[in-house]
Amino acid sequence: MSDYSSKHADLKGNKIRQSWFRSLADSDKTLGWLFSLPFLILWAWWFLYPFIQSFVRSFQDANFAALDQAKFIGLENYVTILQDKEFFRALLHSLEIVVISIPIQTVLGLLLAILVNQKLKGKGIFRTVFFIPYITSQIAITTVFMMLFKQGTFLTEFFGALGFGNVTWFADTNYALLFVCILFIFQQAGFTMIVYLSGLQEIPKDLYEAGEIDGASKWNKFRYITVPFLKPITFFIVSVSTIAGFQIYDQIAAISRYGALGSPAGATSTVVTYFYQHGIRYMNIGYGSAAVVLFFMIIMLITYLQKKFLDEKE
Amino acid sequence: MGKVNRKFSAMLVLCLALVVGLTACGGNKSADNTDNGSGDAGEKVTVNFGFWGTAQDLEIYQKAADTISEQYPELELKIKQYPSSEQFWNTLPGEIAAGVAPDFIKMSNEGAYEYINKGLFSPIDELVQAAGVDMSRFPDASKKIWNVDGKQYGVPNSDMPAMFFINEQMWKDAGLGEYPTTWDEVIEAAKVLNKGNVKGIIVNLDAFHITNYVKSFGGGWGNGETINSPENVKALEMIIDMYDEGLAVTPKSLGFGWDGEVFSNEQGAMSTGGYWYKGYLKDANPDLKMVAIPVPKGTTNGSTMSSDAYMVLKDAKNKEAALKAAYYMTNDDTQTAFMELGFNPAVSSLSEQYFEKNPEFKALQPALEYSTDYGYPTDTKRFTDELVKELEGLILGGSGKTAQQILDDIQGQFK
């Protein structure tokens, strides 16, 4: 090839590369991926890779401190877990936390959002006050609540008068889980309120005005305008809160301080504490990983069912 | 968006992604660059030490770190304090797995057996000579606690028997005379001391305390072989009876974390405990006067020996250097400073001064002879969790199980 033709070929190649880069940079799709890339890298590094590792470990007999000696044991971890009544007890507790807390905190959050969406004096202060528990350390909140729910305090005497036992709630096997639910509701209600508040502010005012012209009552406006408009928000809140409810840990760790996790007597054990105990505390990371994989599948299933249920209602 | 802006944004995002990616993927770089402990001539070997303890302990260790080069010029000591015992026990395996654990640690014998059996530590027998460690400074009884299957795992630091504490003022106000030597006497005293908000005895539903009860009846866990022995059943029955009679209280039901909190708040007159009460009460209730006596007899003299030692981790970068640093922690100055805090040094020559410096523990001297290791099964944490869960189930949850049923159930899991 002559000098001229080789130079010409180089120039042509450069032009092609330049135009390829230009079109790549100009494409919205590429730009979207590029913007997502930092998150995707971190997500893959911190979540995807550990999850794949957990999945692999779940088929191994692995000591946390001697991973090089891990042995493949097939489905043995899964079989053992599914035969362990403590796992099902923990799963039941996790479900109880979700079933008790989510409806209450969703309704409470909506009511608070409606309240602070009114033309009230000092509504900014209310919004802040209701949101503070969500951003406060769960250990700190739990410690304060533990002082409030000790036998002989005003609260336990008040509940005692209502038929509950005047006992230290977090030390009583009958009330400890309820105590965890109260803590969770207290924490999540502020978050729910803020999300609903953003949803309420998105609803067009003219819809309410049209409703008023048509003679709709306040209840009917709420039922036929507010609730349907907030449906995607409700789905988001229920999904996120369900996952948070399943993942609850700090509060239980604080209650169990100096004792066995899930104290008293396993009354507050959940799937997460079950994993932590077996995987980390007892160093049986293979077994713990199998619990995590099962837990992941359960959350996925529940989220899918929630979505299906809400879609069907639509 | 203009073309220039779009290109600029794209480049910016790409750069950010690369930086994030490199940061995430390059996480081990700094670890790789740290001292590999080869100890080449002229180079300092950095040894990392981890422990769980108080701010006063940290101060003593910091001083040791400052002076270690006087004895070992080639060593540099870095101290890491874990915020709580729970953090210490639960974080360590993860740190070992991640290759970021300290080179040596201070550990109590309450949980060491499990960690030794699971291979977290390195035996030191073959390193002793090379590191110039004089193990004859420590009594055989101390060394024995840290010897598993004929291999020495720890450089002993301190040994102290479990104790029984009495609120002196309450005892005197109740007009009670001699301090108890048997559980029968304790129960009689508890009946007198049980008044209003004050419970006669604090029985923390925790493996340490329960183990002291079973040892005083001649029992023990036998590393998992004798969990449901008749002696252990008898001890548990006595505890359950004390609860049934309303004489005993567990810290949890009062909203407290551990027995020392109940004792310092004067809501319980007596409790089993350890030398750590001294330091704790000094801060929590300096006016409270306590009496420390040996754990009362059930059928025999028996209690646990709380011991701690310095252990070299299996993945320590330079095991010999780690052992030298561990041995340095047992020097006379460091041990004397710990003695002031209530620790009984494992160094024989210093131990003789212990009861002069800590006269409040003088009554415990005979217990040094008969106190023994905890004897938990290899899966220590699983065992202690199970024991606590079963007892909480009965005392706080009314499970209705008998002592025999509880211990039989646990034994079934550890055979």
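Coordinate-derived values only; no laboratory data. Since we're looking at a predicted model, the values are computed, not measured. Every residue, glycine among them, receives a Cβ derived from its backbone with ideal geometry; neighbour counts consider all protein chains shown.
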Rounded to the nearest 5, the percent of antiparallel DSSP beta bridges in the protein assembly as shown equals 65 percent
Roughly how many whole Å is it from the C-alpha centroid of the stretch B:355-375 to that of the stretch A:202-218?
81 Å
Taking every pair of Cα atoms in the stretch B:120-255, average 1/r, invert it to obtain the Kirkwood radius, and report Rg/Rh to two decimals.
1.11
Using θ = phi - 60° and the Karplus relation 6.51 cos²θ - 1.76 cosθ + 1.60, list the HN-Hα couplings for the stretch A:70-75 in order, rounded to whole Hz, with x at every Gly or Pro.
4, 10, 6, 10, x, 8
Once you compute Rg and the Kirkwood Rh from C-alpha atoms, what is the Rg to Rh ratio for the stretch A:22-104?
1.22
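Provide the convex hull volume over Cα atoms per residue for the stretch A:77-310, in Å³. If you can, show how the numbers build up before the last one.
On the way: hull volume 34.9 nm³, N = 234.
Each residue corresponds to 149 Å³ of Cα convex hull volume.
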Nearest 10 degrees is fine. How inclined is helix B:3-25 to the longest principal axis of chain B, computing both from alpha carbons?
50 degrees
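Can you divide the C-alpha Rg of the stretch A:112-208 by 2.2 N^0.38 Å and report the result to two decimal places?
Details: Rg = 17.2 Å, N = 97, 2.2 N^0.38 = 12.5 Å.
Relative to the 2.2 N^0.38 Å estimate, the stretch A:112-208 comes out at 1.38.
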Candidate span helices, chain A: DSSP H, at least 30 Å along axis from Cα coords, Kyte-Doolittle average at least 1.6, result A:85-116, A:176-200
Taking A:95, B:341, B:92 and counting other C-beta atoms within 10 Å, the order from fewest to most
A:95, B:341, B:92
Collect residues whose amide H, placed 1.01 Å from N in the peptide plane, falls under 5 Å from the amide H of residue B:297; neighbours closer than 5 in sequence don't count.
B:182, B:183
Residue of A:188, A:251, A:151 that the Gaussian network model of chain A assigns the largest fluctuation, springs spanning Cα pairs under 10 Å
A:151
State the answer as a single residue: which of A:117, A:102, B:260 lies farthest towards the positive end of the charge dipole of the protein assembly as shown, with beta carbon charges of +1 for Lys and Arg and -1 for Asp and Glu, about the Cα centre.
A:117
Env charge @ residue B:188, Cβ radius under 12 Å, K,R +1 / D,E -1, value -3
Nearest 10 degrees, 0 to 90: what angle lies between the long axis of helix B:207-216 and the longest principal axis of chain B (Cα atoms)?
40 degrees
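Set the Förster distance to 41 Å, then compute FRET efficiency between residue A:129 and residue A:52 from the Cβ-Cβ distance, nearest 0.05.
After rounding, the FRET efficiency stands at 0.45.
At a Förster radius of 45 Å, what calculated FRET efficiency corresponds to the Cβ-Cβ distance of residue A:220 and residue B:245, to the nearest 0.05?
Computed FRET efficiency for residue A:220 and residue B:245: 0.10.
How high is the relative contact order of chain B, given as a whole-number percent (alpha carbon pairs under 8 Å, six or more residues apart)? Numbers along the way, then the final one.
Values: 694 pairs, mean separation 100.2, N = 415.
Computed over chain B, the figure is 24 percent.
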Antiparallel versus total DSSP beta bridges in chain B: what percent is that, nearest 5?
60 percent
Post the alpha-carbon centroid distance, the stretch B:265-344 to the stretch B:187-246, in whole angstrom.
22 Å
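In debye, nearest 20: dipole of the stretch A:77-310 around its Cα centre with unit charges on the Cβ of K, R (+) and D, E (-)? Intermediate values should be presented prior to the final figure.
Numbers: 16 positive and 11 negative charges, 59 e Å.
I would put it at about 280 debye.
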Could you derive backbone 3J(HN,Hα) for the stretch B:135-142 from the dihedral phi with the Karplus parameters 6.51, -1.76 and 1.60 (θ = phi - 60°), listing whole Hz in sequence and x where the residue is Gly or Pro?
6, 6, 5, 10, x, 4, 4, 5
Please report the relative contact order for the stretch B:260-415, taking Cα pairs under 8 Å with a sequence separation of at least 6, and give it as a percent rounded to a whole number.
21 percent
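Under 8 Å for C-alpha pairs, at least 6 residues apart: give me the relative contact order for chain A, rounded to a whole percent.
Values: 324 pairs, mean separation 84.5, N = 314.
Across chain A, relative contact order equals 27 percent.
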So, in nm, how far is label residue A:139 from label residue A:161 when the simple model puts each one 7 Å beyond its Cα toward the Cβ?
3.6 nm
By how many degrees, 0 to 90 and rounded to 10, does the Cα axis of helix B:55-71 deviate from the longest principal axis of chain B?
50 degrees
So for the protein assembly as shown, taking the charge dipole from beta-carbon charges (+1 Lys/Arg, -1 Asp/Glu), which of A:248, B:190, B:323 sits furthest toward the positive end?
A:248
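Which order do B:271, A:217 fall in if you start with the one that has the fewest other Cβ atoms within 10 Å?
Numbers: B:271 26, A:217 10.
Fewest-to-most ranking of B:271, A:217: A:217, B:271.
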In order over the stretch B:398-410: 3J(HN,Hα) from phi, Karplus 6.51/-1.76/1.60, θ = phi - 60°, whole Hz, x for each Gly or Pro, gives x, 5, x, 6, 8, 4, 4, 4, 4, 6, 5, 4, 5
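Neighbouring Cβ atoms within 10 Å as the yardstick, rank A:137, A:36, A:269 fewest first.
Values: A:137 10, A:36 13, A:269 27.
The most exposed by this proxy come first: A:137, A:36, A:269.
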Calculate the spin-label point distance for residue A:83 paired with residue A:45, positioning each point 7 Å from the Cα along the beta-carbon direction, and give it in nanometres.
4.2 nm
Limiting things to C-alpha atoms, what are the Rg and the maximum Cα-Cα separation (Dmax) for the protein assembly as shown, in angstroms?
31.2, 117
Long-range amide H partners of residue B:268, meaning residues 5 or more apart or on another chain whose placed amide H is closer than 5 Å, are B:199
